[in-house]
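Take a look at the structure below.
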Amino acid sequence: MDLERALDALRVVRADAAGGGGIDARELGVQRRPPRHARARIKRRAQRRVGSRQCREPGLQWVNPFTNRIAVSTRIRNLESALVKVNDADGNPIEIAAVVVWQVQDTAHATYSVDDYVHFVGIQAETAVRHIASSYPYDSRGTGALSLRDNADEITQRLSAELTDRVRPAGVQIIETRLTRLSYAPEIAQAMLRQQQASAVVGARQKIVEGAVGMVRLALQRLDEEGVVELDEERKAAMVSNLLVVLCSEQATQQVVNTGSLYQ
């Protein structure tokens, strides 16, 4: 059918040329295409890819009349991955999800290299999220190692790099990735919450003790330098004990007035 239409078009062109009439540019495959933003067209001949041409610019385009036209959107798209459950590097089950911003860069590869490039990007995004989540622990627990919760920027950069490598054969460009959900699985959430609270309490106590010891040391040093009072070792020990109790106590301390000597 395409060959018959082409022969008819050639006969019309010859007849118009012989009669002095004008030749329609559409019969020669020249098309005036209006600007259509964020859309490209691929030309295909004889149901197989002999060569592809991406028509991205508006204006006068030379089009082979024997080709088919396949429109591919090049707009920027958002993909929100499904909430998946996976074990982190420590073996703890976590729930994680991400959003991916992507765009078709090479329309020919997006059309011919994969069956459905949108579905392909979705599958590869979920695979990359699972791999990244299983490669790092949820929490570093003060070790300084790279973790999902404490190093979100580094994790998303590595996720973008891995996903870029996965979708490159489909002609897709990854613009940005971000984690939208990150938490422990419900079956261990309460236990891990208690562990985090205990770690926070221990860390806070450590800071309080370090500050109290520094304040006691400063107090003894100033008393000795300025000669306010002379204290023997036993009195220094009593003073240190009282100051540490006051500074490290969770509740407000009550003042006790000693009317006798220190040794009574």
**OP:** Select the helices (runs of 4 or more DSSP H) contained entirely in the stretch 84-179, then report the ones holding at least 1 residues which are under 30 Å from Gln190 (Cβ atoms) and in contact with a helix residue (DSSP H, G or I) (Cβ under 9 Å, 6 or more places away or on another chain).
**Re:** 117-135, 152-167
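Here's the yes/no breakdown for (1) of a type outside the set (Phe, Trp, Tyr); (2) at pLDDT 95 or above; (3) within 15 Å of the chain's Cα centre (by Cα):
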site: Ala89; (1), (2), (3): yes, no, no
site: Pro93; (1), (2), (3): yes, no, no
site: Val101; (1), (2), (3): yes, yes, yes
site: Ala110; (1), (2), (3): yes, no, no
site: Ser113; (1), (2), (3): yes, no, no
site: Gln124; (1), (2), (3): yes, yes, yes
site: Asp139; (1), (2), (3): yes, no, no
site: Arg149; (1), (2), (3): yes, no, yes
site: Ala152; (1), (2), (3): yes, no, yes
**OP:** Scan the stretch 131-148 residue by residue and report those that are closer than 16 Å to Lys85 by Cα and surrounded by fewer than 16 Cβ atoms within 10 Å (Cβ to Cβ).
**Re:** His131, Ser134, Ser135
Original post:
Limited to the stretch 180-203, what total is found for residues that are at pLDDT 80 or above, in a helix (DSSP H, G or I) and either surrounded by 13 or more Cβ atoms within 10 Å (Cβ to Cβ) or in contact with a Pro (Cβ under 6 Å, 6 or more places away or on another chain) (or both)?
Top reply: 1
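The values are calculated or read from the model by the stated rules, or taken from the named source; none is laboratory data. Computed from a prediction, not measured in an experiment: that's the story for all the values here. Note that each Cβ is placed from the backbone with ideal geometry, even for glycine, and that neighbours are counted across all protein chains shown.
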